[in-house]
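Reviewing the structure listed below.
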Amino acid sequence: MSPRASNKSTTKSKPGRKPVKANTQLVLNSSIVVKDLANLLGISSVELIKRLMRKGVMANINQTVDYDTAASVATDFGYKPVSEHVEQTTYTRKDLASKEGKAQKPRSSVVTILGHVDHGKTTLLDTIRHSKLTDKEVGEITQYIGAYQVEVHDQKITFIDTPGHEAFTSMRAQGASATDIAVLIISAEDGVMPQTVEAIDHARAAEVPIIAAINKIDKPAADVERAKQQLAEHNLIIEEWGGKVVVVPVSAKTGEGVDNLLDHILIMAEMEELKANPDTGAKGMVLEAKLDNTRGVLATLLVKDGTLKGRDCVVVADTYWGKIRAMFDERGKSVQLAQPSTPVEVMGLSEVPQAGSLFTVVPDKHEARERIEEAQAERQRARKGRAPRLDSVSVQVRKGAAKGLNLIIKSDVQGSIEPVRKSLEQLENEEVKVRIVHAGSGTITESDVMLAIASKAIIIGFNNRTEPRTKRLAESEGIEIRIYQTIYRLIEDIQKTITGMLEPTYVDVTEGHAEVRAIFPAKPGKVAGCYVTDGKATRRSLVRVIRNGQVFHESNVESLKHFKDSVQEMAAGNECGVGVDGFSDLAVGDILEFYRKEKQ
Ligand code: GDP
């Protein structure tokens with residue numbers, strides 16, 4: 001029977017009755033009034049209502065709950081509920097647990113706080129951390145890593161202290177979310193601001209539930225209602241108005257409402273039924289990493305599944321591996337085990353991983369190497385066609401198989417966002433729906449690329465530019481960035497796309513780079529003695545000679561040799577001799593970029 005609440009009372013229990021002792025049988029009727037049940041259990045009505053909410057039952061103090069619901073709560077509090085009508089059935093905690101998958105056990109929730117700068121993320125994280133420490137601890141503890149756990153009503157919550165939603169989305173872009181719940185913080189004084197909107201879009205792309213914490217309610221200019229209204233304008237409809245978004249007014253500074261926020265996080269976590277198997281090898285995510293002069297690579301890992309152990313062999317990002325040499329908790333204390341949803345700092349990785357990279361424990365180094373090689377081959381296969389491009393969408397339209405067009409719009413100034421957005425949305429037709437995943441102003445950043453990966457979108461720049469780092473990331477992830485100077489050209493291209501008229505374009509796909517370390521005479525011209533720094537040098541590819549950051553020459557690879565032998569390709573970490581077609585002006589320090597042209 002599904003839990004439910006009704007206004008009809010049929011209970012025989014008398015209000016005001018003294019609480020009975022735990023572990024005793026509790027005779028329950030087919031329904032019972034909430035306040036009577038609270039009395040029977042010896043807890044406050046508020047506590048009971050919260051507990052019921054966690055079980056998905058919304059009931060006020062005067063409503064009744066059915067037997068199954070009452071019995072389930074009674075069991076939580078250590079009683080043995082017995083039905084007056086049903087034959088002496090008893091429910092134990094074990095019975096309830098056995099309904100769940102054997103290996104999967106409940107795990108605590110992982111929460112990220114997102115929002116506009118200065119709206120109170122840091123203050124809220126600090127307040128939560130300090131409110132849950134004992135007095136003795138407060139003086140001696142400084143947070144050691146970018147994540148921590150607190151205990152609320154005997155349940156743990158892990159907070160990730162992300163530098164911003166870039167990391168959040170970059171994690172999502174790797175195929176899994178570090179976070180179970182996003183707390184969107186909005187200053188009641190300033191209301192929804194551009195980064196709040198960005199945070200909303202990122203949380204949506206990550207498909208995690210959102211709790212809106214309206215902060216700074218202690219300030220005289222605080223206007224909670226306006227903030228709620230603004231959330232609704234961004235399609236976050238709050239519960240009060242029939243939507244799903246929980247709103248909690250708080251003051252991160254005074255602590256008001258913070259306990260309520262934590263209760264709501266617990267309720268939401270319970271509704272999400274978060275599970276993991278602690279009895280298997282760990283899998284998880286890198287939250288942050290750095291290179292320490294004395295201790296080597298230090299990485300903060302969040303265990304998502306399994307248990308991470310002190311001497312485990314770990315493959316990171318399917319690219320490299322390392323053996324854990326030491327492990328520390330959030331307070332810098334050495335630990336040997338990290339269970340699901342626990343953040344730990346580890347020593348022993350061979351390279352500094354990027355935030356958001358996934359890690360997996362493997363039995364030994366042989367398996368680590370095998371996994372890395374397999375993944376490399378898989379990446380090469382998957383890279384092509386991972387995200388749509390305008391011309392590939394156009395081809396799909398021609399085939400009658402277009403699914404829609406997801407766009408991220410970044411424009412030079414705030415004022416041009418709406419005209420661009422409106423013009424594009426108006427273009428959609430029956431076959432192709434145009435969806436603007438995010439629209440904002442400023443330079444196109446790595447965060448936009450991450451969002452594009454997560455939402456399979458194309459990035460449209462209007463009168464702005466892309467940072468080189470962003471460009472590299474977009475290229476390696478197969479994300480198309482198109483910059484337009486006039487709205488006319490932009491509309492023309494989108495129009496052509498959704499009517500299947502856009503012609504294919506060619507893109508450059510980088511194979512690898514080599515650094516010129518010596519120059520040798522050859523017939524004809526010269527040969528560069530190179531060291532392949534990343535990817536590979538390939539005989540059949542095109543090559544760019546880059547000098548002082550500028551492209552100096554572009555042509556074909558004329559020869560590629562390993563010692564005296566001609567080879568087809570040379571992998572990173574090796575030396576080789578390269579001849580560049582029609583170019584004998586090579587110099588030590590030049591960078592050779594190997595690339596091929598690919599039709600999209
Ligand atoms: P973040 O950029 O989102 O991490 O914001 P901070 O936590 O650094 O807060 C920005 C400023 O707002 C700081 O001066 C805080 O002291 C202040 N602040 C944060 N929360 C509150 C609050 O609830 N009430 C008041 N009055 N000030 C707050």
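All of the numbers you see were taken from the coordinates with simple rules; none came from a lab. What you are looking at is a predicted structure, and each value in this text was computed from that prediction instead of being measured. Here Cβ is always computed from backbone atoms with ideal geometry, including for glycine, and neighbour counts include all displayed protein chains.
Here is how the number arises for the chain: DSSP H runs of 4 or more residues each give -39500 (n - 2.57), the sum is divided by the residue count, and the result at 222 nm is -8500 deg cm²/dmol. Which value results for Rg/Rh of the chain when Rg is the Cα radius of gyration and Rh the Kirkwood radius based on the inverse mean 1/r? When Rh is taken as the Kirkwood radius, the ratio is 1.05. Neighbour counts of C-beta atoms inside 10 Å place Asp68, Asp279, Asp585 in the sequence Asp279, Asp585, Asp68, starting with the fewest. Its convex hull of Cα atoms gives the stretch 253-360 a direction-averaged projected area, equal to a quarter of the hull surface, of 8.4 nm².
Using R0 = 22 Å, the C-beta based FRET efficiency linking Glu47 and Lys244 works out to 0.35. Which far-off residues, 5 or more places away or on another chain, put their amide H under 5 Å from the one on Ile458, with H placed in the peptide plane? Correct list: Asn406, Leu407, Ile408. What is the set of long-range amide H partners of Lys80 at a cut-off below 5 Å, with H atoms built 1.01 Å from backbone N? Counting only residues 5 or more places away or on other chains, the set is Asn23, Thr24, Gln25, Leu26.
A straight chain from Glu515 to Arg325 at 0.36 nm per residue would run longer than the Cα-Cα distance by 65.0 nm.
Using the beta-carbon distance between Glu503 and Ala232 and R0 = 41 Å, what value does 1/(1 + (r/R0)^6) give for FRET efficiency, to the nearest 0.05? Efficiency, rounded to the nearest 0.05: 0.45. Considering all different alpha carbon pairs of the stretch 508-599, the Kirkwood hydrodynamic radius works out to 12.6 Å. Using a simple spin-label model with pseudo-atoms 7 Å out from Cα toward Cβ, Asp118 and Glu367 lie 5.2 nm apart. Annotation: the antiparallel percentage among DSSP beta bridges lying fully within the chain is about 65. Be a star and scan the stretch 573-590 for residues whose amide nitrogen sits under 18 Å from the point 7 Å along the Cα-to-Cβ vector of Lys597. Within reach of a label on Lys597, which here means backbone N under 18 Å from a point 7 Å along Cα→Cβ, the stretch 573-590 contributes 581-582. Scanning the chain for DSSP H helices at least 30 Å long along the axis (C-alpha atoms) with a Kyte-Doolittle mean no lower than 0.0 picks out nothing. Please work out the FRET efficiency for the pair Lys290 and Lys80, using the Cβ-Cβ distance as r and a Förster radius of 51 Å; give the result to the nearest 0.05. About 0.45, to the nearest 0.05.
I'd like the distance between the alpha-carbon centres of the stretch 507-538 and the stretch 562-590, rounded to an integer number of Å. Computed from Cα coordinates, the inter-centre distance equals 4 Å. In nm, give the distance between the simple-model label positions of Lys333 and Ser555, each being 7 Å from the Cα along the Cα-to-Cβ direction. Here the answer is 6.7 nm between the modelled labels. Scanning residues 5 or more positions from Ala439 or on other chains, those with amide H under 5 Å from its amide H are Ile409, with H placed 1.01 Å from N in the peptide plane.
Residue separation of Glu477 and Ser423 scaled by 0.36 nm, minus their Cα-Cα distance, works out to 16.6 nm of gained length.
Toward the positive end of the charge dipole of the chain, about the Cα centre and with charges on Cβ (Lys, Arg +1; Asp, Glu -1), which of Ser108, Ser455, Val420 goes farthest? So the residue furthest toward the plus end is Ser108.
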